Amino acid sequence: MSFIILIAAGLLVPIFYRNNIVIAKIIAVLAFILAAYFVFKGESLNSIFPYFVADDATKLMEFVLLATLAAVSLALTGFERPLISQMLFLAGASLAFLETNNFFMFIVLFEVIAIISYILVANIRNFYNAEGAIKAFIAGAVASGIILLGFALFSFTTDSFIYSEMNVSGKFTLIAEAIMLAGIFYKLTVVPMHGWAADAYSQVNHAAAAILSGVIKSVVLFATFKAFYKFLIAYPLATVLIFSFFAILTMTLANFMALWQKRISKILAYSSIAHSGYALIPFAAAASVYSYAGILYYAVAYIFMQTSVFLLLNDLRRELGVKYLDDIKGLYKKAPLHSLLFTIQLFSLAGIPLLAGFLSKAVAFYAGVDAGLWIIVLIALLNSALAVGYYVWIIKHIYFDEPKNNGEVIQMSTGSMIGQLILLAGTIYFGIVAGDIMNATISF
Amino acid sequence: MNNAVLTLLIAPYIGAVLAYVLGKTKRELAFWVAEVVGFILFLASLVLFFKYSDTVIDIDYTWIALGNIQIPFGIYIDHLSIVMLLVATGLGFLDIHFAHDYMGDDPDQPRYYAKVLFFIGGMILLVITKDLIGAFVGWEFMGLASYLLISFWYYKNSAADAGMQAFLYTRFGDIFILAAIALLFFYAGTVNLVELNQMANAGQLDKTLALVVALFIFMGAIGKSGQFPLYPWLMNAMEGPTTVSALIHGATMVNSGIYIVARLFDFFAYTDALFIVANVAALSAFIGATSALVQKEIKKILAYSTMSHLSIAFVGLGVGSLAAGMLHLVNHAIFKALLFLSAGAVIYIAHHTKDAWKLGGLIKTAPWVALFMAMGSLSLAGVPPFSGYFSKEMVVAAAWEWGNGFTKTFVTIAALLSIAYITRLWILIFLGEPRNEDLKGSVHHPSNLWMRLPLGILAFLTLFISIWQCDIVHYIVGEDVIEPHVAGLAAFMLTGMLIIFLIVVGLYVKGLNLLYKIASHHFVQTIHQVLFNGYYVEAMITWISKNIIVGAIAKSMRWFDTYVIDYIVNKTVDMTKFVYNIFKAGHSGKIGTYMGQFVLGVAIIVIAILIIVKGL
Amino acid sequence: MVAVDIIFAPILLSALVYFLTRGAQHITKYIALGWFVVLFIIALNWYHMLPEDGGFIFLGNYLSVPQFGFELTLQIDALSVAMLLLTAALLILVVLTSWNEKKQAAYFSLLILFSGPIFGVFMTTNVLWFFMFWELTLVPMLFLVGIWGAENRVYAAIKFFIYTHVFAMFMFVGFYLLYKQTGYWDLTLIKEATLATPALIWWLMFLGFAAKLPVFPFHTWLPDAHVQAPSSISVLLAGVLLKMGAYGLIRFTVELMPITTLMFAKWMLVFGLITTFYAGFLAIYERHIKKMVAYSSISHMGLVVVAISTMTYEGLSAALFEMIGHALVISPLFLIAGWLHHKTHTWYMDEMGGIMKKAPYASAIFILAGMAALGLPGTMGFVGELTIIISAVKSWGWWIAVIAFAGLISAGYIIWAVRRAIHGPMSPLVEKADFSMSLAEKLALAIYAVLIVYFGINPQPIFDLANKAFSFLGGM
């Protein structure tokens, strides 16, 4: 049901958004709420189609996803309107993507989401947007090709595509897995296949970037983990080696790159890449019982904070033309509420406690320790401490510096405010209460 | 607890606070509070003297209990304590009384009296405590009071420097006492002064440990009592008000080193540390006496003489005669207080001229002061029938009988020379013509009640206490005293003193020209310089602390901190920039580059997998 | 519920204060003062509830996550109560000393925000929550130093934040391994015997605490942060934040892993000794008045480490006393150092001089606190130093008596500082400065002075607490 509602709303919304964005927003939000309700009732896709199973963890992820998308749609204005219906489609596709227990469906939905993301970034207003969109598109196309190659190979070796019944033994399976992983790494912006993301995230419209880097990445992370779980535990050595290596490489490089950027969106883009690195640790530690909880927690926390910062940046860019670090000097005077929210979400990204960013790292990294990878975890933690460098650097510009010119104080629009508060609530709630996620993953 | 003891313990501090607070409202009140409290303290000491001539007050109290350790803070008052109490409170009272005029013009009187009372409190605490902890507390209180009083005129660089020096020199000694306390706690199990003596007598202590502890405590005594090599602070301490010098740096605080050795006399005797005490003291006595010969300032002459006489008392203890040492301590306290206060009177009369060479002829304007000072001088010089004679004779005799050659020689020289420098001082002040234009005009006239009376009392004491010398000895040490007897020593000493006296009188009264002539010889000049600068010990210590401790050690650590440790910390920023620049090369923004990297990534994964597959 | 409320209420309260008092900023300090007084009263109440024979008072379990062993367990023993009382008292005094601070709404709401996690650190026995509170205390400090600090404040604030954060990460891995190897996040349930790699865990945790204490060579953040912070915040940094390090060291090494700690105690001793002397010498060489005080602070924390390294009943009691003593002694020194800079506009002691004449009250307190810092009897400094040296000699043998020299070194820098800044003839800068002091500041300084002297003469109340806290080590 949820799927149908979302797709229907997605078709309905374009009728309204040109004339009255409020109605469009209301429809979208209602659709998200209804979808959530049916997910809660256990009637999303699994009640209609086969190959879809919603366990507790998946449901939680879906709630979070829907809430986030609702928040984003509330925050949107002006030329970002088309995003609303795109997000409704995205939500539908994501629900399916998250719930599927069939590898074939996984590949198909992966492509669907990739296509939606191309459409998202296609909201081109200037040269920069165009460059970013093209990079994202080319990258996505290549990744799709690679994944299909791997999948083709894989389909020869397995009898069934149901996750639990897949045949994962044999050399070809392993090679197929490697090739698919390469494609998915590309999507997850794992170094060295991250170059496009650093540019695309910072160059496309920030609202699109919020969805691209926040929502889609989280969804892909979680779904991929579920899809590949059997591979991961079947070849522990390969898993540990490959994922640890790429985790460290990704986070280290991205953090160093982020440290010296001047463009805020670029910092956030690299921060997003670094977070992919952290998120690979539960993959490496798949053998641990905490890995599923870890990846879920990471996806949940990350979706809130990353979406929120990009949306805030979007607001700031629209209202104050903020692009570079210099532009946000003394921002707390001009935009106190934006500054405060931005700061809290940045602290969450940095892994400061009582915010989701910390607990997600705590659980995800604990999975690493549990699997005996404490050295990798130590490196990851030191990396996250290094990352504090650039988050604090942004905060330093906001609070410690004096503004260059005294503009007037800008207000936050109601929609944006509600959206931000939803995201903030998520960040804080999951920063204090770990019970939901741990309970949701207990059955895995 | 006994009321008198309680008064002695608490009254000084209450008095100090009251003097300050009341003095802030009306300046005159500060003096009166101090005077009254000083008198009460003296009365309390007298009460103890009369009431407890037979029994000992012994109160145990646990100050801190932590873990398995109990830090005690007991009270123990025996005859030795009572004598010290009488000296401290009696002289303290007279000193406060004298300050009425001497400090009369100072706007900071409340501060002055508060500090003096605080000081007396510290001294009392030291002499009535039972444990080394309490002694250390009193000891440090006095150190603080001494520091604050020397720097009383803090706005003068010299006074501020002198205060700092006094504190640091004495602190250097004090930390050894702190270390000694810690060692005793663990190795002897007690810091109780009485018990330590008993244990020493019973031979229960490890000898090496006891020697180390004794030497540590003696280090503290060296610092406090101005012995070699930590004496220069005492001379610079003369920057403080003269009343302070009289009380703290002449009569009481500097005695605390002697007191602590006397208090632990059995302990020291047991460890053979007395041998070292005697030798260090003899050397100090010699240094003090010779340096006193050439000083210019009245107070510096007195300061060196103080050092010399403290050393003489130490020699008495060191050669094994507790009686001689303590007797000299008491006598010295009285005549030194008299001398300092007389010097104070002279300085007061002469409008704060301190250089003896700029005085002269004061006998006409201040005959009473001249008389009292002469009595003090004679006592110091050791001329019978003044009290100084008896105790000094006793020390020298003890040294001759029990001391080694070094001790014997040096202490004798020091004892003989005392007549030289004190006569020289008296002649320079009172005889001849005024060598200063100011003195020819009007001078201050000392008042009878505030200045002459305390001087008179002290002069009276230093003369008449001679009658009770034996009683004092017996009171402190007990009935069975082995008094040293060296045949013909008295005659030798007196003859020597007479000769030296005549030479000095001849030179300074009649032969000043001859004196100048001798002094202009460059060899004599060199000696003069060495003596005048106190054998350059101060210069050496200053050099070490300035160039080695601060200039070398601290500076190199600072360098290390700035250019190694913090440099590394700060360089991490540059390091990240360096890494950034390396990584940045891969981010051209061109899709082609990214595709290349993509291929690299795929290659890594596939190759890794192939290697693993091969292993399967 | 009181227990968990006083940890989380400040977060809400600070937000309310920040947003609702924009118009009337001056009332924020009364709110803050009231809140801290409430905290103090609650802590005092717990003080009276402490069981005679040591052990924990159980205050509740919250937010339980059984799968992860993760729950907010609040339990306090005498050690925690001592720290809580100290923290609350210092917070009250900090409000008094920042009575006229700029941007009051933000300042005091950050202070209120700080009070939550700092209480949490001392109240929880859950290691993960301990770490969370530990990290959270950094955030208000970052802003307090970064916004209200002196000229180089941004550098200092960021250095402080990142430096301590980096070292906390080592500690965090240590905590992870604790949980991994024992299956408990709760301090009181973790058994050392079940640890597979105790040495590794010990060193990882020690690094975290060492940077906080700080111990040589991880100390360089401290002079910068303390110097640049406004004086009242220096007080919090020195009085509370450094104590977290010492508290952690006691809780996580001595109490949690006594066997391993015994093995590495000599390393702790070496670190402590080097810190004491190294920082002491740095203080001697320093011209900068607040840096001098900062190094003195490090030097005293070195003594605390020495005391902890003894791992005995006495040693830890002495350490606790010195921790409290250090907080009360170093605070007025920081306050007056900062105040002098505020008035004379110079940091350098040799450019001051003769301040006694114009500001006798502040000078007198400075001298008193200085005397306490160098261990003069009658002050807290002496009792701390005495008990530390006694317990250290008892545990480590006669040679440790060399730490008495620390007393000489501290005398060196304190007396020299007094000589240069307070005594001497008046310098031109002092001549033209206006040394007026607000009543609140005077009151706060007087309270510090009274406390220093009171506990210097009657230290037994603190040792009674210590006796309860460390009675498990045997004795009495």
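Just so you know, all these numbers are worked out from the coordinates, no wet-lab data involved. The structure presented is a predicted model; accordingly, all values stated were derived computationally and were not measured. Note that we place each Cβ from the backbone using ideal geometry, even for glycine, and neighbour counts take in every protein chain shown.
Given points 7 Å out from each Cα along the Cα-Cβ axis, report the B:Asp574 to B:His351 separation in nanometres with one decimal.
Placing both labels 7 Å beyond Cα along the Cβ direction yields 6.5 nm.
Would you work out if segment B:69-109 is rounded, prolate or oblate? Take a ≥ b ≥ c from the square roots of the eigenvalues of the alpha-carbon gyration tensor; rounded if a/c is under 1.5, else prolate when a/b is larger than b/c, oblate otherwise.
The shape class here is oblate.
Quote the FRET efficiency, to the nearest 0.05, computed for B:Leu209 versus B:Ile482 with a Förster distance R0 of 30 Å and r equal to the Cβ-Cβ distance.
Details: r = 29 Å, r/R0 = 0.96.
Rounded to the nearest 0.05, the efficiency is 0.55.
Can you give the relative contact order of chain B as a percent, counting alpha carbon pairs under 8 Å and 6+ residues apart?
Result for chain B is 11 percent.
List the residues whose amide H sits under 5 Å from the amide H of B:Ile64, counting only those 5 or more places along or on another chain, with H placed 1.01 Å from N in the peptide plane.
Those qualifying (amide H under 5 Å, at least 5 residues apart or on another chain) are B:Ile71.
Quick one: which residues, 5+ away or cross-chain, put their amide H under 5 Å from the amide H of B:Glu297? H built at 1.01 Å from N.
Sorted by chain and number, the residues that satisfy this are B:Ala356.
What shape does segment B:475-616 have by the C-alpha gyration tensor, where a ≥ b ≥ c are the square roots of the eigenvalues, rounded means a/c under 1.5, and otherwise prolate means a/b greater than b/c and oblate the rest?
Judged from the Cα gyration tensor, segment B:475-616 comes out prolate (a/c at least 1.5, a/b above b/c).
Counting other beta carbons within 10 Å of each residue's own, what order do B:Phe185, A:Phe127 fall into, fewest first?
Final ranking by Cβ density, sparse to dense: A:Phe127, B:Phe185.
Students often forget the sequence filter, so: which lysines lie under 16 Å Cα-Cα from B:Lys408 once same-chain residues fewer than 8 apart are removed?
B:Lys392
Mind sorting C:Arg287, A:Arg81 by how few other Cβ atoms lie within 10 Å of their own Cβ, fewest first?
Working: C:Arg287 13, A:Arg81 20.
Ordered from fewest to most neighbouring Cβ atoms within 10 Å, C:Arg287, A:Arg81 come out as C:Arg287, A:Arg81.
Take the Cβ-Cβ distance between A:Ile48 and B:Ser556 as r, set R0 to 60 Å, and report the resulting FRET efficiency rounded to the nearest 0.05.
For A:Ile48 and B:Ser556, the calculated efficiency is 0.15.
Per residue of B:581-591, count partner chain C-beta atoms within 10 Å of its C-beta, then hand back the mean as an integer.
That works out to 5 on average.
Would you please give the FRET efficiency between B:Thr526 and C:Tyr30, computed as 1/(1 + (r/R0)^6) with r the Cβ-Cβ distance and R0 = 56 Å, to the nearest 0.05?
Numbers: r = 74 Å, r/R0 = 1.31.
Rounded to the nearest 0.05, the efficiency is 0.15.
What does the charge dipole of the protein assembly as shown about its Cα centre add up to, to the nearest 20 debye, if the Cβ of each Lys and Arg holds +1 and the Cβ of each Asp and Glu holds -1?
Around 3840 debye, computed over the protein assembly as shown.
So what is the relative contact order for segment C:170-268, in percent, with contacts set as C-alpha pairs under 8 Å and at least six apart? Walk me through the intermediate numbers first.
Numbers: 88 pairs, mean separation 29.8, N = 99.
It comes to 30 percent, rounded to a whole number.
Highest mean first, what order results for B:577-587, C:90-100, B:169-179, A:266-276 on Cβ atoms within 10 Å?
Highest mean packing first, the order is A:266-276, B:169-179, C:90-100, B:577-587.
Take peptide B:558-571, look around each residue's Cβ out to 10 angstrom, count Cβ atoms belonging to other protein chains, and average those counts.
4
Based only on other Cβ atoms within 10 Å, what is the fewest-to-most ordering of A:Ser155, A:Ser164? Present the calculation step by step, with values, prior to reporting the outcome.
Numbers: A:Ser155 13, A:Ser164 9.
Ordered from fewest to most neighbouring Cβ atoms within 10 Å, A:Ser155, A:Ser164 come out as A:Ser164, A:Ser155.
Report, in whole Å, the centroid distance computed from the Cα atoms of segment A:228-265 and segment C:227-244.
Between the Cα centres of segment A:228-265 and segment C:227-244 lies a distance of 38 Å.
Using only the alpha-carbon atoms, how far is helix A:82-99 inclined from the longest principal axis of chain A? Give it as 0 to 90 degrees, nearest 10.
Taking the Cα atoms of chain A, the angle to A:82-99 is about 30 degrees.
In segment C:114-168, what is the volume of the convex hull around the alpha carbon atoms, normalised per residue and reported in Å³? Mind dumping the intermediate values first?
Values: hull volume 3.4 nm³, N = 55.
Cα-based convex hull of segment C:114-168, divided per residue, equals 61 Å³.
Please sort A:196-207, B:542-553 by packing, taking for each peptide the average over its residues of neighbouring beta carbons within 10 angstrom, highest first.
Working: A:196-207: 27.2, B:542-553: 13.6.
The densest-packed peptide leads the list: A:196-207, B:542-553.
For chain A, what is the relative contact order in percent, using Cα pairs closer than 8 Å and at least 6 residues apart in sequence?
16
How many Cβ atoms of partner chains, on average, are near each residue of A:354-363 if near means within 10 Å of its Cβ?
Numbers: counts 11, 3, 0, 0, 5, 5, 0, 1, 8, 4.
The shielding value for this peptide is 4.
Please report the net charge: other residues with Cβ closer than 11 Å to the Cβ of B:Ala166, K and R +1, D and E -1.
Value of the local net charge: 0.
In nm, what is the difference between 0.36 nm times the number of residues separating C:Lys266 and C:Val450 and their Cα-Cα distance?
62.6 nm
Under 5 Å between amide H atoms, partner at least 5 residues away or on a different chain: which partners does C:Tyr62 have, H built in plane at 1.01 Å?
Those lying under 5 Å, H to H, from C:Tyr62 are C:Leu72, C:Thr73, C:Leu74.
Give me the net charge for the shell around B:His309: Cβ to Cβ below 12 angstrom, other residues only, Lys and Arg +1, Asp and Glu -1.
+2
Taking the Cα centre as origin and putting +1 on Lys and Arg beta-carbons and -1 on Asp and Glu beta-carbons, what dipole magnitude results for segment C:265-476, to the nearest 20 debye?
Dipole magnitude for segment C:265-476 comes out near 240 debye.
Take peptides C:21-34, B:282-295, B:306-319, A:99-112 and line them up by average Cβ neighbours within 10 Å, highest first, as a rough protection proxy.
Descending packing order for the listed peptides: B:306-319, B:282-295, A:99-112, C:21-34.
Please give every one of the aspartates and glutamates within straight-line cross-link reach of A:Lys187, meaning a C-alpha to C-alpha distance under 17 Å, and leave out same-chain neighbours fewer than 8 residues apart.
By straight Cα distance, A:Lys187 reaches A:Glu111, A:Glu177, A:Asp199.
Just need the Rg to Rh number for segment A:93-197, please, alpha carbons only, Kirkwood Rh.
Expressed as Rg/Rh, it is 1.04.
Here are some pairs, B:Lys51/B:Lys224; A:Lys135/B:Lys590; B:Lys300/C:Lys358; B:Lys24/C:Lys442; B:Lys354/C:Lys357; which of them have Cα atoms lying more than 20 Å apart in this structure?
Working: B:Lys51/B:Lys224 31 Å; A:Lys135/B:Lys590 9 Å; B:Lys300/C:Lys358 32 Å; B:Lys24/C:Lys442 18 Å; B:Lys354/C:Lys357 26 Å.
Beyond 20 Å between Cα atoms: B:Lys51/B:Lys224; B:Lys300/C:Lys358; B:Lys354/C:Lys357.
With a/c under 1.5 counting as rounded, go ahead and sort segment B:26-180 into rounded, prolate or oblate using the C-alpha gyration tensor (a ≥ b ≥ c being the square roots of the eigenvalues; past the cut-off, prolate if a/b is larger than b/c, else oblate).
Taking the square roots of the gyration eigenvalues as a ≥ b ≥ c, segment B:26-180 is oblate.
Counting only other residues whose beta carbon sits under 14 Å from that of C:Val65, what net charge do I get with K and R as +1, D and E as -1?
With Lys, Arg at +1 and Asp, Glu at -1, the neighbours total -3.
With θ taken as phi - 60° and the coefficients 6.51, -1.76 and 1.60, list the Karplus ³J(HN,Hα) couplings across segment A:287-294 in order, rounded to whole Hz; mark glycine and proline as x.
5, 6, 5, 8, 5, 5, 4, x
If the viscosity is 0.692 mPa s and the temperature 37 °C, what Stokes-Einstein diffusion coefficient in µm²/s follows for segment A:2-441 when Rh is the Kirkwood radius over Cα pairs?
153
Eight or more residues apart or on different chains, and alpha-carbon atoms under 12 Å: count the Lys pairs in segment A:323-444 matching that.
4
From the helices alone, meaning DSSP H stretches of at least four residues, give me the mean residue ellipticity at 222 nm for chain B, per-run term -39500 (n - 2.57), in deg cm²/dmol to the nearest 500.
-23500 deg cm²/dmol, from helical runs alone.
Among A:Ile26, A:Ile216, A:Ile248, whose mean-square fluctuation peaks in a Gaussian network model of chain A (Cα, cutoff 10 Å)?
Top of the fluctuation ranking is A:Ile26.
In units of 2.2 N^0.38 Å, what is the alpha-carbon radius of gyration of the protein assembly as shown?
1.13
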